[in-house]
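**Q** Input: one structure, supplied below.
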Amino acid sequence: MSDPRTADIVYLPRWRPRGSRAGLHRGRDAGGSGPFRDQVPFLQLPDARRIDLRATLRDPFEGVHVRRFEARTAVETWVLVDLSASMGFRGTVDRTRLTGDLCRALAVSATRISDGFGLIGCDETLRDDLTLPATRHRGAAVAAAERVAGAPRTGRGCAGMLEAARRLAGRPKLVFLASDFRWPEALIAQVFAALAPHDTVPILLADPAEAEALPAFGLVELDDLEGGGRRVVLLRPSLRRAWIARERDRIAALERAAAPFARRVFQLAGRFDAQALTRHLMTT
């Protein structure tokens, strides 16, 4: 059985990238060795190796024509990781492990096709100690993913995510935003708006223990991991239904906030499934 952390995630950016760095994605520029694009006069592209004899012989004005091909270009793939304390909750799902599996798989998949891989960890601030500038070196990319997987989740909130989003200025990038998204609505809106120039994929790290897996009746100890205190609640069927409904409303609100700026939200729970993420990326 293959290791899910090194399974390929296949992705296609929504835009046609520019640039001179060779890769596998269809670029906007011409002159590469990709698929045939069009024919242009020799003076526009003076490359004798690509003279099109048939087009040249058909030209009544005896002009020389050359074939032009699409460039294959690399892109930068980034993961912005929520390191706030709520991400350390372990119910039926280990979010720390899931985040690590996601980052490792993306690091391997991106560098395997010569794309750059970058990573930024955030809690209430941007964590420079858990930041990796985009690199095509697989060893460095996987090592950064390992550091994030082992980093403690102790931050109060995730305000640093906005600074991370603003740091990704410049050319469009493919950005994976990994979080439980238990943020203020205003912060969610600001982060998605800041990431609007990029191809953004929200990854919701869900845990059924926070909703569907709650018991129908009994005492439940609730602990706000980000400093809100602890309390004991008598859970009963009506309260459980209201709790589950509120969680569904929260996810629906997240999807509405993401819709103008990003792809559909991908929910990751249980174990990491590279094929499910690939299908999501190919259909959104």
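**Q** State the answer as a single residue: which of ALA165, THR283, ALA143 lies farthest towards the positive end of the charge dipole of the chain, with beta carbon charges of +1 for Lys and Arg and -1 for Asp and Glu, about the Cα centre.
**A** THR283
**Q** In addition: Would you work out if the chain is rounded, prolate or oblate? Take a ≥ b ≥ c from the square roots of the eigenvalues of the alpha-carbon gyration tensor; rounded if a/c is under 1.5, else prolate when a/b is larger than b/c, oblate otherwise.
**A** Values: a/c = 2.80, a/b = 2.52, b/c = 1.11.
Verdict is prolate for the chain.
**Q** Further question on the same structure: Once you order the gyration tensor axes a ≥ b ≥ c over the Cα atoms, which shape class does the stretch 105-196 get: rounded for a/c under 1.5, otherwise prolate or oblate by comparing a/b with b/c?
**A** Cα axes put the stretch 105-196 in the oblate bin.
**Q** Here is a follow-up. Can you tell which of ALA257, LEU239, ALA22 lies farthest toward the positive end of the dipole of the chain, using +1 and -1 charges on the Cβ of basic and acidic side chains (Lys, Arg; Asp, Glu)?
**A** The listed residue farthest towards the positive side: ALA22.
**Q** Counting only residues 5 or more places away or on other chains, whose amide H sits under 5 Å from the amide H of GLY118 once H atoms are built in the peptide plane?
**A** THR77, TRP78, VAL79, THR135
**Q** Helix 185-194: angle to the longest alpha-carbon principal axis of the chain, degrees 0 to 90, nearest 10?
**A** Tilt relative to the chain: about 10 degrees.
**Q** Using a probe of 1.4 angstrom, how much of the accessible area of the chain is carbon and sulfur, in percent?
**A** Numbers: 7780 of 14610 Å².
The computed percentage sits at 53.
**Q** Kindly express, to the nearest 10 degrees and within the range 0 to 90, the angle between helix 237-258's C-alpha long axis and the longest C-alpha principal axis of the chain.
**A** Result, in degrees: 20.
**Q** Mean 1/r over all different Cα pairs, inverted: what Kirkwood radius does the stretch 139-190 give, in Å?
**A** About 13.2 Å, per the Kirkwood formula over Cα pairs.
**Q** What value, in deg cm²/dmol to 500, does the helix sum -39500 (n - 2.57) over DSSP H runs of n ≥ 4 give at 222 nm once divided by the residues of the chain?
**A** -9500 deg cm²/dmol
**Q** Long-range amide H contacts for LEU130: which residues qualify at under 5 Å (H placed 1.01 Å from N, peptide plane, sequence gap of 5 or more or a different chain)?
**A** GLY121
**Q** Right, another one. Compute the acute angle (0 to 90°) between the alpha-carbon long axis of helix 274-283 and the principal axis of greatest extent of the alpha-carbon atoms of the chain; round to the nearest 10°.
**A** The two axes meet at around 60 degrees.
**Q** On to the next question. According to the square roots a ≥ b ≥ c of the eigenvalues of the Cα gyration tensor, what is the shape class of the stretch 235-278, taking rounded for a/c under 1.5, prolate for a/b larger than b/c otherwise, and oblate for the remainder?
**A** The shape class here is oblate.
**Q** If you place +1 on the Cβ of every Lys and Arg, -1 on the Cβ of every Asp and Glu, and leave all else neutral, what size is the dipole of the stretch 140-188 about its Cα centre, to the nearest 20 Debye?
**A** Here the stretch 140-188 has a charge dipole of around 140 debye.
**Q** Quick one: which of 52-64, 166-178 comes out on top by average Cβ neighbours within 10 Å, and what's the full order, highest first?
**A** Per-residue Cβ counts within 10 Å, averaged per peptide and sorted highest first, yield 166-178, 52-64.
**Q** Ordered by residue, what ³J(HN,Hα) values in Hz, to whole numbers, does the stretch 73-83 give under the Karplus form 6.51 cos²θ - 1.76 cosθ + 1.60, where θ = phi - 60° and Gly and Pro are x?
**A** Whole-Hz 3J(HN,Hα) from phi for the stretch 73-83: 10, 8, 10, 9, 10, 10, 10, 9, 10, 6, 10.
The values are calculated or read from the model by the stated rules, or taken from the named source; none is laboratory data. Keep in mind it's a predicted model, so treat the numbers as computed, not measured. In this analysis, Cβ positions are derived from the backbone assuming ideal geometry, glycine residues included, and neighbour counts consider all displayed protein chains. Each accessible area value is taken on the protein alone, full model and side chains, heavy atoms only, with ligands, DNA and RNA left out. Shrake-Rupley method; radii C 1.70, N 1.55, O 1.52, S 1.80 Å.
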